[in-house]
Amino acid sequence: MGKNRGKIQDQNMELRIHEGNENEHEENYEEPPLDHEDEKLIKRALIDFKCKVEDAMHGNYLFGIPDTHPCHNQTTKEIEQLNEIKLWGVALMPSKPHEGTDTLLLKFLKSKNYVVHEALEKLRKTLAWRKEFKVDEILEENLGPEFQKVAYLNTVDKEGRPVFYHVYGDLKDKPMQYLEKMRAEENSDKFLRWRVQQMEKCIKELNFEPGGADSLIQVIDWKDFQGPHTKELRSVYRKCWTLLEEHYPEIIHQYIIVNVPLRYYVSHSFSSRLITHKPSNKIIFARPGKVTETLLRFISPENLLVEYGGLKRINDNEFSSEHKVFELNLKAHASTHIEIPAPEVGVTIVWDVTVVECDVTYKEEFIPEDEGSYQVLLQDKEKKGGERLCVRNSYYINEGGMISIFIHNHINKCKKVFYRYKTKPTVPTYLLYKT
């Protein structure tokens, strides 16, 4: 498991835990491989934890105060109620397990470095908090329109995990009076409830059964959301961070924080260490200029939103993630051609092209098969600066030929080019209006 290990003891059990890579802003967070001895110790810790959870359920102290009548025999109804205790749709009773029970319990164990009594206490606190916070009712609540554009769940990463976006820059146009109201306890609690509501929606997309996607990727975008006018909301966000650490253990596989100013990177890295008491190897920071490159390490281009340099568009009627995506490497100071065949007449060809990083010349033409026909220039532009060039275009084919796309790289750095295309039957507009 590598050199970075912590030694944890619980009931004469010793387990080495990987503490992660110090360069969390550069490296992907991946679980280190477990050796045979570690697997045995984790399995023993899980068995011990399951026994303690079941004892707590039968002793009626999983939520708090233990039963003061040790001779009390549980009725059939009480036993049935115990079997119905669930967290995120997964039954907690180890003797009557759901297929995801072990996966869920392991999350609590792992968050406490496999110290069983600490994991049990964390589980108890989480269940008590959910009851007090009325989390099971929160999906039905209407918390207002203030944050509707801030969060959305629309894609998956390369491992099939849901990707959840928080785009706080959408709040930049909110009036100062609104943001200042975040000081009020009532509004602060409303934001927390909204954040928990979003988390519960994400969990509905997870699958705790063996082999399922049991965690998610959190992309947090701080573009256009800096300055003193956002101070109160950032303060509430820190409360959210603590809440998620306490009550949603190992649910977020990776935080990817993009468009981060340097001062925020330093302060956030320090504060996260204070919260978790160790370097956060689940956090990756992407400064402006590196956002697309960073996100493409985790999310395939067909599933990465076009705003971040991918090919995916919300409510897209043209393409889906099932359409094949082609990838090209564009060398420094070099050119490339993309040729899309168009032999069939009476159809429309639609295409998407993304160039990661700009400083390119981009040109599209229709080149007919008939040498006597004219070539049609569709667009010709030069893009300087910026992280990406994203293009979608279409052309109705009234004679056989091909779509030719020319891209020239002006700088001394290799680039990635992604593209896809499709053909669809089309009725020409003039026929629609023909009388």
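The values are calculated or read from the model by the stated rules, or taken from the named source; none is laboratory data. Computed from a prediction, not measured in an experiment: that's the story for all the values here. Neighbour counts are summed over all protein chains in view; Cβ atoms, including those assigned to glycine, are modelled from backbone coordinates with ideal geometry. Please note that ligands, DNA and RNA were not included when accessible areas were found on the heavy atoms of the full protein model with its side chains. Shrake-Rupley method; radii C 1.70, N 1.55, O 1.52, S 1.80 Å.
Of the listed requirements (1) modelled with pLDDT under 95; (2) open to solvent by less than 60 Å² (accessible area, probe 1.4 Å); (3) among the aliphatic types (A, V, I, L, M), residue 176 misses just one: (2). Going through (1) open to solvent by 10 Å² or more (accessible area, probe 1.4 Å); (2) at pLDDT below 95; (3) touching a strand residue (DSSP E or B) at 6+ places or on another chain (Cβ under 9 Å) one by one, residue 376 falls short only on (2).
Filtered by the rule that a residue be in contact with a strand residue (DSSP E or B) (Cβ under 9 Å, 6 or more places away or on another chain) and open to solvent by 70 Å² or more (accessible area, probe 1.4 Å), the stretch 210-223 gives a lone residue, 223.
Can you say whether residue 369 is of a type in the set (Asp, Glu) and over 30 Å from residue 295 (Cα atoms), as far as the supplied structure shows? Judged against the criteria, residue 369 is a match.
The residues on offer are 244, 262, 233, and the sole one that is open to solvent by less than 60 Å² (accessible area, probe 1.4 Å) and modelled with pLDDT under 90 is 233.
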